[in-house]
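These notes are about the structure you will find just below.
The values are calculated or read from the model by the stated rules, or taken from the named source; none is laboratory data. This structure is a prediction, so every number in the text was calculated from the model and none was measured. Cβ: placed from backbone, ideal geometry, glycine included. Neighbour counts: every protein chain shown. Side chains are part of the model used for accessible areas, which takes the heavy atoms of the whole protein and leaves out ligands, DNA and RNA. Shrake-Rupley method; radii C 1.70, N 1.55, O 1.52, S 1.80 Å.
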Amino acid sequence: MTIQLIYDLDLAALSSILAEWGEPAYRARQIWQGLYQHLWASPDEFPMLPKALRQKTADTFSFAHLRPVTVLESSDGETRKTLFQLPDQQLIEAVLMRYEKRRTLCISTQAGCAMGCVFCATGQMGFRRHLSSGEIVEQVLYYARLLKAQNETVTNVVIMGMGEPFHNYEATLAAIDRLNDAEGLNFGERRITLSTVGLPPMIRRFANEKRQVNLAISLHAAEDVLRSSLLPVNKKYPLDEVFRACLDYVEKTHRRISFEWALIQNVNDTAEQARLLAARLQQFQRGGSMLCHVNVIPLNPTQKYDGQAATRQRAEAFRAILEQAKIPCSIRLRRGIDIRAGCGQLAGQPPI
Ligand code: SAH
Ligand code: SF4
């Protein structure tokens, strides 16, 4: 049996366990601060705890569910990917990207994914299981400790690793709360971006929470036939429904939405798709500003999908059409391609 992961608890739950043990209230806070402010990774590191309590904590809780099994650094040293094994042997990945002063961490919310997007290595694996909130949080702690040893910190978190965060809604939101806790890591929601395949009921639920987290929607196509061929979930939730939910989100939160577009040569990189997308996104204009942004990223080729990355030239042409229509658009670099830093590309495929 696996013992409970300590990062699965919020401060209230930890406090009630310590109260049951007859410990004074401040002990829970000490442990909390040790975990999330000092980034201590084992009970031995808590100097202020009496030995017996340290022992009891060690016997009751696990301080590590993630066992790093493979670490890959890109040739430029700027991207580092870790494959972790969980106690039940499932594999997940987290990727650290260094770019100027940013230290951006891409984390997973599930082992595998049930959405089956055809070009995605995680989708090709199928669904294995949801991660617990603590397993999501531990990915951040792991890298925060690593960076701390180099006098650095994680500056941004993107929930764009393996899995569909809105299919594991409660655990993902609980993990965000834990990262955000003022007495803990105090990691601001504005520095977190959550990417979803676009599940309208969950987009609406998220809008009602009025969070500061940045929302990204994986679009990849601007009409239903093409989108359904790439993202099977589009058959259940076609584009009109996705956009209606996105517009509700913008109305409720006044926050800008990012739309993700993996550019695939001769599939979704056409002028026609760009024009259809621009037409749809006109609805996001509010009082002179466009509350949306398009992130174009050339496809990371995967084993089980034939599509190729669009050329730089095609990507520029795609962007030009959007910009002509006053839709902000960036072309993102494919980072860490030599270490398969794309979503699920390490866990789902044989070793390089
Ligand atoms: N499930 C969520 C978050 C994880 S995927 C989602 O789909 O949004 C993060 C992003 O990577 C998504 O935009 C996804 O479409 C994109 N992606 C997946 N496989 C890719 C690939 N092979 N090349 C480029 N982008 C990919
Ligand atoms: Fe799942 Fe996102 Fe991959 Fe689609 S792109 S299969 S939703 S992880």
(message) Looking at S132 and the list (1) buried (at least 19 other Cβ atoms within 10 Å of the Cβ); (2) closer than 24 Å to T302 by Cβ; (3) among the polar types (S, T, N, Q), which single condition is not satisfied?
(response) (2)
(request) Please specify each residue of the stretch 71-91 satisfying the condition of being touching a Leu at 6+ places or on another chain (Cβ under 9 Å) and open to solvent by less than 30 Å² (accessible area, probe 1.4 Å). (result) T79, K81, T82, L83, F84, L86
(request) Mind listing whichever residues of the stretch 165-181 are within 10 Å of ligand 1 (Cβ to nearest atom), open to solvent by less than 10 Å² (accessible area, probe 1.4 Å) and within 19 Å of L91 (Cα to Cα)? (result) P165
(request) Report the residue count in the stretch 202-235 for those that are part of a loop (DSSP other than H, G, I, E, B) and open to solvent by 10 Å² or more (accessible area, probe 1.4 Å). (result) 7
(message) Every residue in the stretch 236-278 that is over 20 Å from I203 (Cβ atoms) and either of a type in the set (D, E, K, R) or part of a helix (DSSP H, G or I) (or both), please.
(response) D269, A271, E272, Q273, A274, R275, L276, A278
(request) Please find, among A121, A114, the residue that is surrounded by fewer than 24 Cβ atoms within 10 Å (Cβ to Cβ), within 11 Å of ligand 2 (Cβ to nearest atom) and not polar (S, T, N, Q). (result) A114
(request) Answer yes or no as to whether F84 is within 16 Å of ligand 1 (Cβ to nearest atom), assigned by TED's automatic domain parsing to the domain that holds L179 and within 18 Å of the chain's Cα centre (by Cα). (result) no
(request) Inspect all residues belonging to the stretch 92-105 and state whether any of them is part of a loop (DSSP other than H, G, I, E, B), among the acidic types (D, E), more than 24 Å from L185 (Cα to Cα) and open to solvent by 60 Å² or more (accessible area, probe 1.4 Å). (result) no
(message) Need the failing condition index for R191 against (1) within 30 Å of Q265 (Cβ to Cβ); (2) crowded, with 18+ Cβ neighbours inside 10 Å; (3) among the charged types (D, E, K, R), just the number.
(response) (1)
(request) Under 6 Å between Cβ atoms, at least 6 apart or on separate chains: pull out the pairs that start in the stretch 141-170 with a residue that is more than 18 Å from S108 (Cβ to Cβ) and end on any residue that is more than 16 Å from ligand 2 (Cβ to nearest atom) and in a helix (DSSP H, G or I). (result) T153/L147
